[in-house]
Structures are given as C-alpha cells and as structure tokens.
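Report on the structure given below.
Taken together, the values in this text are just the output of simple stated rules run on the coordinates, not laboratory data. Here the structure is a predicted model, which is why all the values come from computation and not from measurement. Positions of Cβ are backbone-derived with ideal geometry, glycine not excepted, and every protein chain shown enters the neighbour counts.
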Amino acid sequence: MYTFESRVRYTELNHYKAIMDPSSIINYFQDCSTFQSEDLNLGLAYLEKKKRVWLLASWNLHILNQVSLGDEITVGTWPYAFKGFYGYRNFIMKDRHQRVMAVADSIWVFMDIENNRPTKVPEDNLGYMLEPPYPMEHMDRKISIPDNLEEQPSFPVVKSNIDSYNHVNNGQYIKMAEAYLPDDFIVTKMRVEYKKQAVLGDIIYPKVSRIDNKYCIVLDSVNSKPYAIVEFS
C-alpha cells in the first residue's frame, strides 16, 4: 500500500458540523493515487509522453467515522486489478490510532488520447503492484436515475472547476452535488458515476431527488446526457 500522512485543515471542513465532507475525502484519495504514480514515474509526464490518461468511471465511498479539524490522518491506496482497459483501486483513510475513517473503491478507464478511445492496460500493469481488494460492501457502479427529479437553477463551469486535463475535476462534481444536501444531512455512503466530461463554459443543469434517506443529484447537460450522477446516503 502506498501512504502519505497529513492533518485535517479548517478549509477541508463543511460549514455545519465542522466535519470533513465527501469531496474533501475524495480530494485526499485522488492526491494519494497521484502521489503514488508520480513516485513510480508513472504520473503526468509519463502519461503525456505515452499519449495516455486515466479517466475515473466511478466512486463507492463509505465514511465509517467522521473526520474532524486537526485529526492526524494516514491516507493509503493500492490497485487490486486490471482487466482490459479498466483499473480497479482501493483507498483508505485512518486516524493516528489506526482507526479506519473512510474507505473507497474506484474504477478507472485507461484512455488513448490520440484516438480518444479506451486502450488495454499493458500486461505488466504499468509496474503497479497489485494487492487484495479491501473487504467492503460491493455497490454497482451504475446508478439508476429516479423519476422524481426536481430541476434546479443551472450554472456554468468556471475556471476553478477545471484541472490540468482541461475538464472538470472528478472531485468538483461531488462539491457541486453537495450544495443540494440539507445542512443536517450527514453522509455515510456515496456513489458517483461519471458519464461525460464537462469543460470550461459548459452549463450544468442540476436535478435533485430525495427518496427516504437518500439523495440523488444528476448533473445534467443541455441535451440531457448527464456529466455525473452522485448518490448520497
């Protein structure tokens, strides 16, 4: 497992309960996998040279214990499988007592950016060492869109949403979706399905559904083909 240590900052907390929201946890997880790739010389420069990129297809996040200001944390990640053009990766966050705070499963797609299509992961797994998957509840990466969606005011993609690949960063979609949760709604599970890449100037048309204790936020495009679907429970 690849790990790095950190301490929870005030800017990573939500405004209501002063706990870390899912988007901040996901940012830590994304940074961890990026650090691992960079340390293995398989990061941004390598991918650019090879005309390749990893695109995130889905998240399955479980928050087991809430993370608070000043907590000393260890963030870890490891790939557990490569199948065709898919990569499967787990993440974990622990406190200084080794208590598990959050775990996640994720699915990635290896893309040939010259031809703009998925391409098979090399047989050597690009040099990544595989480890057994984390024993967490399996969730389907496909999220069913409910019928009782309520349309919300649209908004444009701005520069602060964009990453180095010139499209909306994965964590930004989660941050957008969090805006539609009630202040007192404490997330313990989250799924995200990424469908389409949004770029600077695109208009997001959010649609929200609540069924029992579950919120589904569809971040839609003008032609009703979602950019991302986020489910909180």
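Couple of notes before you dig in:
- Spatially proximal lysines relative to Lys189 (Cα-Cα < 24 Å; intrachain offsets below 8 disregarded): Lys17, Lys94, Lys142, Lys175, Lys207, Lys214
- Each residue of the stretch 175-183 was assigned a 3J(HN,Hα) from its phi angle through the Karplus expression (A = 6.51, B = -1.76, C = 1.60, θ = phi - 60°), giving 4, 4, 5, 4, 4, 9, 8, x, 4 Hz with x at Gly and Pro.
- Seen through its C-alpha gyration tensor, with square-root eigenvalues sorted a ≥ b ≥ c, the chain comes out oblate because a/c lies at 1.5 or above while a/b is not bigger than b/c.
- Residue order, fewest to most surrounding Cβ atoms within 10 angstrom, among Ile26, Ile73: Ile73, Ile26
- Spatially proximal lysines relative to Lys50 (Cα-Cα < 26 Å; intrachain offsets below 8 disregarded): Lys83, Lys120, Lys195, Lys196
- Backbone phi angles across the stretch 218-233, fed through the Karplus curve with coefficients 6.51, -1.76 and 1.60 (θ = phi - 60°), yield HN-Hα couplings of 9, 9, 8, 9, 5, 9, 6, 10, x, 6, 7, 10, 10, 10, 10, 8 Hz in residue order; Gly and Pro are listed as x.
- Under 5 Å between amide hydrogens, built in the peptide plane, is the criterion, and for Asp220 it picks out Tyr205, Lys207, Tyr227 among residues at least 5 positions away or on other chains.
- Distances between placed amide hydrogens fall under 5 Å for Ile73 paired with Ser6, Arg7, Val8, all partners being 5 or more residues away or on another chain.
- Summed residue charge, Cβ within 12 Å of Met111's Cβ, Lys/Arg positive, Asp/Glu negative: +3
- Look at Phe85, Phe155 and count the other Cβ atoms within 10 Å of each Cβ; fewest to most, that gives Phe155, Phe85.
- Listed from fewest to most Cβ neighbours within 10 Å, the set Arg191, Arg89, Arg141, Arg96 follows the order Arg96, Arg141, Arg191, Arg89.
- Only the Cβ atoms of Lys and Arg (+1) and of Asp and Glu (-1) were treated as charged; on that basis the dipole of the chain about its Cα centre amounts to roughly 380 debye.
- Under 5 Å, built H, 5+ apart or other chain: amide partners of Ile19: Asn14
- Point-charge dipole on Cβ atoms (K/R +1, D/E -1) for the stretch 2-127, about Cα centre, debye to 20: 200 debye
- Placing unit charges on the Cβ atoms of the charged side chains and taking the dipole of the stretch 2-127 about its Cα centre, the candidate lying farthest along the positive direction among Met20, Trp54, Thr74 is Trp54.
- Protection proxy ranking of 192-204, 115-127 - average other beta-carbon atoms within 10 Å, highest first: 192-204, 115-127
- Most mobile listed residue (Val100, Val158, Val109) in the chain, GNM with C-alpha springs under 10 Å: Val158
- Distance between the C-alpha centres of the stretch 85-99 and the stretch 155-201: 21 Å, rounded to the whole angstrom.
- Charges were assigned to the Cβ only: +1 to each Lys and Arg, -1 to each Asp and Glu. The resulting dipole of the stretch 150-232 about its Cα centre is roughly 260 debye.
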